[in-house]
C-alpha cells in the first residue's frame, strides 16, 4: 500500500502497521512493535514531533466513532504543518483499522485556488466577491446583535493621469503601496477590499455609534495616503475621495449601503476631491436630478435645442474683426438658455461630446462660408474629440460639405490634450494641420502650463487666458506674463489672442506688449449669427503706425 495503515485490537493495542505509516509519523520499527498500546504509540509520535493532541482524548474520540459501527474521516494538521487525512473503520472483533494519507500538497493547492478566487492578485486584498460576503456577515451581526458598522468607498483622485505618467507597472506599484497604507489604518476586525481598478472599500466594525469612529478613520486614511510615495525613483503625491454610509441608518441591505456610499463618494468628488462625505438623503435627490439632466441633455441634440452664438475676435492694429469664435448654447425648454460650462462637462462624461462636437463644427462652418473671405472661424475642440480617432475625417467632411476653405478654420485645443504627450493625439493634430486648418492652443497660462507643449506641435496661435488679462492694468506680474507670452509667440512664429478684454486700457497695454488679436465683451458679446457685425469696434482707435 502507498497509504499508511495501522490496525488495533479491542484493547487498543497495535496489531500491525506498514512502512508508509511509520514514514508519515517518523517512527522506527521498534517504536511501532505489535502489542504497543495506542496511547504509548501517540506518546512516541509526540517525541517525534508528529502528534500534538491529548492521546487519551484522541482515543476516546476514535472509540466514540467506532462504537456506532461507523467509519470516521478526520483531517489532522501535524506540528510540522503537514496535513493528513485519517480514516478510522471498525473491525468485527472490536478492534479498528486506520488509513493515513498525506494530502498536504493537494490541500495547499486547493487553498491557493480558493484564495485566488476571493482575493485581488495584485494587492492580495479581498476582492469584490469576498468583500460582499464580509458585508453580509456584518449585516447578519447587525440583525443579531444590533451592532452598527460603517462602509467606506474611495478611489485615487485622477488616477488615470497618474497611471499614464508612471506606466502600468508604476501604477500597479502605487496601488500596492496604497493598499499597504490602508491596512495600517484599519482595526483587526475591519475588512478592506479592492473592488475595482483604483477603487477600495472598507467595512469598519464598531461597538457604539459609528459616525465618530468613521470620521476618525477617514481622517487617518486621508493623512496616510496623501503622504508622498517613491515609485520607480519618482516622488508621487496623490489624494483620495471617500464616501461613507452608516448601517443601519443609511440602509440594512448590501446593495442599499453600497449605493449610498457611492453617492457620498460622488459628492466628495463634486466638492473638490481630497475629502470625505457621509451619505445624506438629499444626495439621492441630487443624483436623480443629475440623471434627469443627463437624459434631457441626450435628447437635446435630436430635438435641435442647441444653438450657436458667435463672438468677434478683433485685430488690435485695425480694430476690425478678423475672426469669430463659435460658442454653443443649450436652449432648455424649462430653464432657458444654458451656457456651455454648465453642460459641456456632462456631455463629455456621458459621451455626447462627439456627436455634439460634429454638429457644432458642421453648423459653424456652414455659417462661416457666407462671411467675408478675410474672416476666420474659431471652433473649440474637446480633448475627447481629439482622441476619438476620426477627428481628421470629421473636419475634412465639414469643410467639403460647406465649402469653407481650410485656411479660414481655427481649431482650439487646451493643454489637457498634450498632458500625456500621447503620440496618437499628436498625430491627429498633425493630420489637422495637413488639411490646412490652423490649430490654436487655448487658455495658455493656466492648468498644466508647460513651455514644452510649444515644442511638441507648431501651433498657429496662442490664446492668453482671461485671468491674466483681467488684472493686466493693476498687477505688474500679469503684465510681465502677457509680455513674455507675446514675445515667445513671435519668436516661434505664432500669433496671440488675448481673451476677456473689457477695457480700452487693457487694449493699450496689449498693443504695447505686442499682442496681435483680442476677444472680449469690449468688442461684442456672443450673439446669434444673424446679429453678428463685422464692422470695427466702436470707440476703438487704430494703433499708431
Just checking, how many residues over the range 465-487 are surrounded by 14 or more Cβ atoms within 10 Å (Cβ to Cβ) and not in a loop (DSSP other than H, G, I, E, B)? 12
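Taking the condition of being within 23 Å of the chain's Cα centre (by Cα) and surrounded by fewer than 18 Cβ atoms within 10 Å (Cβ to Cβ), how many residues in the range 239-258 meet it?
Of all residues in the range 239-258, those within 23 Å of the chain's Cα centre (by Cα) come to 239-245, 254-258.
Applying the additional criterion that residues be surrounded by fewer than 18 Cβ atoms within 10 Å (Cβ to Cβ) yields 239, 254-256.
So the count comes out to 4.
Condition check: in the same structural domain as residue 214 (by TED's automatic domain parsing) and either in contact (Cβ under 8 Å) with a residue 40 or more places away in the chain or farther than 30 Å from residue 222 by Cβ (or both). Does residue 126 satisfy that?
So residue 126 fits the description; yes.
Return yes or no: is residue 118 surrounded by 12 or more Cβ atoms within 10 Å (Cβ to Cβ), modelled with pLDDT of 90 or more, more than 18 Å from residue 78 (Cα to Cα) and in contact with a helix residue (DSSP H, G or I) (Cβ under 8 Å, 6 or more places away or on another chain)? Spell out the reasoning first.
Details: surrounded by 12 or more Cβ atoms within 10 Å (Cβ to Cβ): yes; modelled with pLDDT of 90 or more: yes; more than 18 Å from residue 78 (Cα to Cα): yes; in contact with a helix residue (DSSP H, G or I) (Cβ under 8 Å, 6 or more places away or on another chain): yes.
The answer is yes for residue 118.
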I need every pair where a residue in the range 19-46 that is outside the structural domain of residue 85 (by TED's automatic domain parsing) and at pLDDT 95 or above has its Cβ under 7 Å from the Cβ of a residue that is surrounded by fewer than 18 Cβ atoms within 10 Å (Cβ to Cβ) and assigned to a helix (DSSP H, G or I), sequence separation at least 6 or different chains. none
Failed condition for residue 61, given (1) part of a loop (DSSP other than H, G, I, E, B); (2) within 23 Å of residue 103 (Cβ to Cβ): (1)
Could you check residue 179 against (1) closer than 23 Å to residue 144 by Cα; (2) touching a residue at least 40 places away in the same chain (Cβ under 8 Å); (3) crowded, with 16+ Cβ neighbours inside 10 Å and say which number it fails? (1)
For the range 290-373, list the strands (runs of 3 or more DSSP E) that sit wholly inside it and hold at least 2 residues that are surrounded by 15 or more Cβ atoms within 10 Å (Cβ to Cβ) and either touching a strand residue (DSSP E or B) at 6+ places or on another chain (Cβ under 8 Å) or in the same structural domain as residue 439 (by TED's automatic domain parsing) (or both); which are they? 306-315, 321-332
Considering each residue of the range 21-47, count those that are crowded, with 16+ Cβ neighbours inside 10 Å and part of a helix (DSSP H, G or I), and give that number. 9
Going through the range 378-419 one residue at a time, which ones are touching a residue at least 40 places away in the same chain (Cβ under 8 Å) and not in a helix (DSSP H, G or I)? 378, 379, 380, 409, 410, 412, 419
Do we find a residue being surrounded by fewer than 19 Cβ atoms within 10 Å (Cβ to Cβ), within 18 Å of residue 218 (Cα to Cα), touching a helix residue (DSSP H, G or I) at 6+ places or on another chain (Cβ under 8 Å) and outside the structural domain of residue 38 (by TED's automatic domain parsing) anywhere in the range 137-148? no
Does the range 204-221 hold any residues that are over 20 Å from the mean Cα position of the chain (by Cα), in contact (Cβ under 8 Å) with a residue 60 or more places away in the chain and not in a loop (DSSP other than H, G, I, E, B), and which are they? 205, 210, 211, 213, 214, 215, 217
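Please go through the range 118-153 and pick out each residue that is part of a strand (DSSP E or B) and over 19 Å from the mean Cα position of the chain (by Cα). Quick ask: steps written out before the conclusion?
Taking the range 118-153 first, the residues part of a strand (DSSP E or B) are 119, 126, 149-153.
The answer is 119, 149, 150.
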From 210, 188, residue being modelled with pLDDT under 95, out of contact with any helix residue (DSSP H, G or I) (no Cβ under 9 Å at 6 or more places or on another chain), within 21 Å of residue 244 (Cβ to Cβ) and surrounded by 18 or more Cβ atoms within 10 Å (Cβ to Cβ): 210
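So for the range 257-271 (the condition being assigned to a strand (DSSP E or B) and either touching a strand residue (DSSP E or B) at 6+ places or on another chain (Cβ under 6 Å) or not assigned by TED's automatic domain parsing to the domain that holds residue 156 (or both)), does at least one residue qualify?
Filtering the range 257-271 for residues assigned to a strand (DSSP E or B) gives none.
Among the residues of the range 257-271, not one is assigned to a strand (DSSP E or B) and either touching a strand residue (DSSP E or B) at 6+ places or on another chain (Cβ under 6 Å) or not assigned by TED's automatic domain parsing to the domain that holds residue 156 (or both), which makes the answer no.
Quick one: which residue in 418, 454, 426 is over 22 Å from residue 313 (Cβ atoms), modelled with pLDDT under 80 and in the same structural domain as residue 503 (by TED's automatic domain parsing)?
Working: 454 fails: over 22 Å from residue 313 (Cβ atoms); 426 fails: modelled with pLDDT under 80.
Exactly one residue qualifies, and that residue is 418.
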Considering each residue of the range 346-381, count those that are closer than 21 Å to residue 441 by Cα and modelled with pLDDT under 90, and give that number. 1
Mind checking which residues of the range 361-393 are within 23 Å of residue 298 (Cα to Cα) and under 30 Å from the mean Cα position of the chain (by Cα)? 380, 381, 382, 383, 384, 385, 386, 387, 388, 389, 390, 391
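The values are calculated or read from the model by the stated rules, or taken from the named source; none is laboratory data. The structure presented is a predicted model; accordingly, all values stated were derived computationally and were not measured. Cβ coordinates were reconstructed from backbone atoms using ideal geometry, including for glycine residues, and neighbour counts include every protein chain displayed.
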